[in-house]
Amino acid sequence: MFKRRATTIIILFVNQLCAQQLVNASHYFFKPAIDNPAFVSKSSNMNAMLLHHNQWVGFEGSPKAGILAIDARLKEKKIGLGAIIETDKRGISQRTGANLMYSYRLVLAKNNYLSLGLSYGMYSHRFNYSNVVMQDQDDPSAANGRQSSFVVNAGAGVAFVNKKIEAGFSIPQLFSSKAKLKALDGSNFFYKE
C-alpha cells in the first residue's frame, strides 16, 4: 500500500526529471576530488592519477572514458590546487574538457578539518551525426555531419575529515549548460547537460 501511495505522489508532483552527463568514474575511493573539489590535496604530497574506462569492449560505439587528475597542497598546507583533464565518448557524442580546482582547509582541532572546494571548467561537446542511421533521410529536424559546442561548468563541495571518518557533499554541476547545435533546416536545437 505504501509503495502505491509513494509512486502516486511522485508521479503527481514530479513534472520534469533531468540527469547529469558526467564521466562515469568508479575510482572515487582513490581520487574523491573527481566529484568533490573539497577533497583536492587530501594528502600532503603531490598526487596524480590516470584512469581509462572501456565498457562493452568489442561493441561499436561503446562508452570510453579517460581521466588525468593531479593535485597538490600549498601555503602551509591549507590551500589545495588541482586539475582534471577528461574525455568521455558514448556513441555519436564525445565530451572533452578540463577542470581547475581550489580547496581551502579549516583546521578545527588536531587531525580534524573542514575543507571547502570550488571547481571551474570548460568542455567541448562534439557530435558525429554521420554515423547515425535514419529512416527518414529528409527529416528537417535531424542534424548531419560533425558539430561541436563549448560549454562551461562550475562545481562546489565541502568535506569533513578526521582519523575515523571522511564525509563530503558536492554539487559537481552548479548550473545546467546547453550545447547549441544546428538541424538540417538551419534551426537551432540544444543538447542540455
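Does L114 count as touching a strand residue (DSSP E or B) at 6+ places or on another chain (Cβ under 8 Å), open to solvent by 40 Å² or more (accessible area, probe 1.4 Å) and either modelled with pLDDT of 90 or more or aromatic (F, W, Y) (or both)? Yes: the conditions hold for L114.
Within segment 93-111, which residues are farther than 19 Å from S170 by Cα and either over 18 Å from the mean Cα position of the chain (by Cα) or open to solvent by 80 Å² or more (accessible area, probe 1.4 Å) (or both)?
If the condition is that a residue be farther than 19 Å from S170 by Cα and either over 18 Å from the mean Cα position of the chain (by Cα) or open to solvent by 80 Å² or more (accessible area, probe 1.4 Å) (or both), then V107, L108, A109, K110, N111 are the ones that fit.
For segment 137-164, the set of residues classified as open to solvent by 60 Å² or more (accessible area, probe 1.4 Å), modelled with pLDDT under 90 and either within 16 Å of S103 (Cβ to Cβ) or of a type outside the set (K, R) (or both) consists of Q137, D138, P140, S141, N144, S148, F150, listed by residue number.
The values are calculated or read from the model by the stated rules, or taken from the named source; none is laboratory data. Since we're looking at a predicted model, the values are computed, not measured. As a convention, Cβ positions derive from the backbone with ideal geometry for all residues, glycine included, and neighbour counts pool all protein chains shown. Heads up: the accessible areas ignore ligands, DNA and RNA and are worked out on the full protein's heavy atoms, side chains in. Shrake-Rupley method; radii C 1.70, N 1.55, O 1.52, S 1.80 Å.
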